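The values are calculated or read from the model by the stated rules, or taken from the named source; none is laboratory data. In this text the structure is predicted, and so the values were computed from the model without any measurement. Please note: Cβ atoms are built from the backbone with ideal geometry, for glycine as well, and neighbour counts cover all protein chains shown. With ligands, DNA and RNA removed, areas are computed over all heavy atoms of the protein, side chains included. Shrake-Rupley method; radii C 1.70, N 1.55, O 1.52, S 1.80 Å.
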Amino acid sequence: MTAQSSLNVTTILCLLLFLLSASVSTSSFIPSNEQFDPSTSHLIDPTSLPRSDVTMRAWTCHGRTQKEMVDKLASAGIIKHKPVQEAMNKVDRANYAGGRSGAYVDSPQPIGYGQTISAPHMHAHALEELIPSLLTAAHDHPDDELRILDVGCGSGYLTACFGRMVDRGPNGPIEPLVKGKVFGIDAWSELVDFSRANMSKEDSDLFDTGTVTLQAGDGWEGLPDAAPFNAIHVGAAAATFPKNLMQQLAVGGVMVIPVGPDGGYQNLYKVEKLKHSPTFDKGNFAIKNLL
């Protein structure tokens, strides 16, 4: 399993993000609901974003710095939640994209081994799809640690963003999230080493505090000893829904995964676990076709 970004997966994500960014409304700022709703909680205040004369959308959110790139992703409506914005601001993409040349361009960049680091808007979209489940878990069980699995860690960038969200170090997690652990796994040991080297540049504290661990292995098997997970991100397309990964979700946990034949048409899905059972039962999951 690698973090490769196939043409079909990229096309799916791009079309989805284009539709989302084109339809975003700046009026959807934190309503005063008595009941906690993660989809509307801790949203970015649109008035806090830099003004731009250019209509921002996926593939156009280029910046000269990490912050400028992230601000544009927020202006485009791709980043909606404050914890996602803060996490991406804390992890410098230049440390993961092979240098500053092209690091803040909203497109994939080659990282070697025939792989790429995904475009920033793709990373932002993945984080946005998973943040509601993390906010809910932190709200409902504030004394429990959050657990996140990144299958196909590739460059290590998204793994580091997850790590900043649930940081166990002195700076603590990004509020209102709670401390947790992030597990990155990739089939290629070279990419695991690459992720570790990238993270060691400015995010090595995530290793020191035990927030992030990386290892080589079969991502389709997951990490049963570390389960259950509140969020699972899968970076490569699966031929079918991976039952082992689905079983390793916590109740209320969410997995984002592209599914479809290698080289064929693929769809992006969000899988939520509704109920636990010791054996796999598809009825225990809500599966939504994002595109």
Q: Answer yes if at least one residue in region 145-164 is free of Cβ contacts under 8 Å to residues at least 40 places away in the same chain and either among the aromatic types (F, W, Y) or surrounded by 19 or more Cβ atoms within 10 Å (Cβ to Cβ) (or both), and no otherwise.
A: no
Q.
Quick check on my filter: what residues within region 223-250 are in a loop (DSSP other than H, G, I, E, B) and open to solvent by less than 50 Å² (accessible area, probe 1.4 Å)?
A. L223, A226, A227, G235, A236, A237, P242, Q248
Q) If E129 passes every condition in (1) among the acidic types (D, E); (2) closer than 23 Å to D205 by Cα; (3) open to solvent by 20 Å² or more (accessible area, probe 1.4 Å) but one, which one does it miss? A) (2)
Q: Please enumerate the residues belonging to region 67-87 that are among the hydrophobic types (A, V, I, L, M, F, W, C) and over 16 Å from S107 (Cβ atoms).
A: A74, I79, V84, A87
Q) So, of the residues in region 88-103 that are touching a residue at least 40 places away in the same chain (Cβ under 8 Å) and of a type outside the set (G, A, S), which turns out to be most open to solvent (accessible area, probe 1.4 Å)? A) K90
Q. What pairs come up if the first residue lies in region 117-139 and is assigned to a helix (DSSP H, G or I), the second is surrounded by fewer than 24 Cβ atoms within 10 Å (Cβ to Cβ) and small (G, A, S), and their beta carbons are under 7 Å apart, counting only those six or more places apart or on different chains?
A. P132/S39; S133/G252; L135/S41; T136/G252; A137/G252
(Q) Being in contact with a Lys or Arg (Cβ under 9 Å, 6 or more places away or on another chain) and either free of Cβ contacts under 8 Å to residues at least 60 places away in the same chain or open to solvent by 10 Å² or more (accessible area, probe 1.4 Å) (or both) is the requirement here; does G253 meet it? (A) no
Q. Do the conditions hold for D262, that is, is it open to solvent by 50 Å² or more (accessible area, probe 1.4 Å) and more than 26 Å from G114 (Cα to Cα)?
A. no
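Name the residue, out of A97, A87, that is part of a helix (DSSP H, G or I) and not acidic (D, E).
From the options A97, A87, the qualifying one is A87.
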Q) Which of the residues belonging to region 236-258 are aliphatic (A, V, I, L, M) and either on the phi > 0 side of the Ramachandran plot or touching a Pro at 6+ places or on another chain (Cβ under 9 Å) (or both)? A) A236, A237, A238, A239, L249, A250, V251, V254, M255, I257
